[in-house]
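Bear in mind these aren't lab numbers, they're just calculated from the coordinates by the rules spelled out. None of these values were measured; they are calculated from a predicted model. Note: ideal-geometry Cβ built from the backbone for every residue, glycine included; neighbour counts use all protein chains shown.
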Amino acid sequence: MKANVLVKDIMTKEVITLQLNDSLELAERLFDKFKIRHIPVVKNGELKGMVSKTDLLRISFLDSLSDAESTIDEAIYQLFSVEQIMIKNVLTLSPNITIKEVTEFFISKEYHAFPVVENNKLVGIITTTDLLKHFLTCFG
């Protein structure tokens, strides 16, 4: 395994994003459609925060099965905006750090995703899934 592989070599470059004024219903649809767990929130390409599927779970009943519980989710989603539930002051990474360094960040910060920013613009996202996919390629 090469120790000098950079984040930009394995990160997801086509990032699904939300805007500050987007609805929580849209966030839920994006999580489900793209099978992702973290969505950066941007304004004019600049990172403003991050929403995770866990953030939605904290305020809703996403795993509900009945129509009544689904209606409750819809009502709760109307009470909050993406901007209100997003994590602000998100730790970001440079595309030029090594995967060894990003692995250390994942371990020490106990995060599962980091937005990748260059010149104040979102250029990608690196997740534990990206890292694991890379590690699998190293083993054939």
Next item on the list: Return the FRET efficiency for the residue pair residue 101, residue 121: r is the Cβ-Cβ distance, R0 is 30 Å, and the value is rounded to the nearest 0.05.
Entry: 0.90
Next item on the list: Just grab the label-to-label distance for residue 81 and residue 20, each label 7 Å out from Cα along the Cβ direction, in nm (one decimal).
Entry: 0.8
Notebook entry, point to check: Quick one: helix 67-79 against the long Cα principal axis of the chain, what's the angle to the nearest 10°, folded into 0 to 90?
Noted result: 70
Note to self: Which of the three applies to the chain, rounded, prolate or oblate, going by the alpha-carbon gyration tensor with a ≥ b ≥ c and a/c under 1.5 meaning rounded?
What the structure shows: prolate
Margin query: Suppose only helical runs count, i.e. DSSP H with n ≥ 4. What mean residue ellipticity at 222 nm does that imply for the chain under -39500 (n - 2.57) per run, divided by all residues and rounded to the nearest 500 deg cm²/dmol?
Written below: -12000 deg cm²/dmol
Check: What lysines sit close enough to residue 8 to cross-link, taking a C-alpha to C-alpha distance under 18 Å and skipping anything fewer than 8 places away on the same chain?
Finding: 100, 121, 133
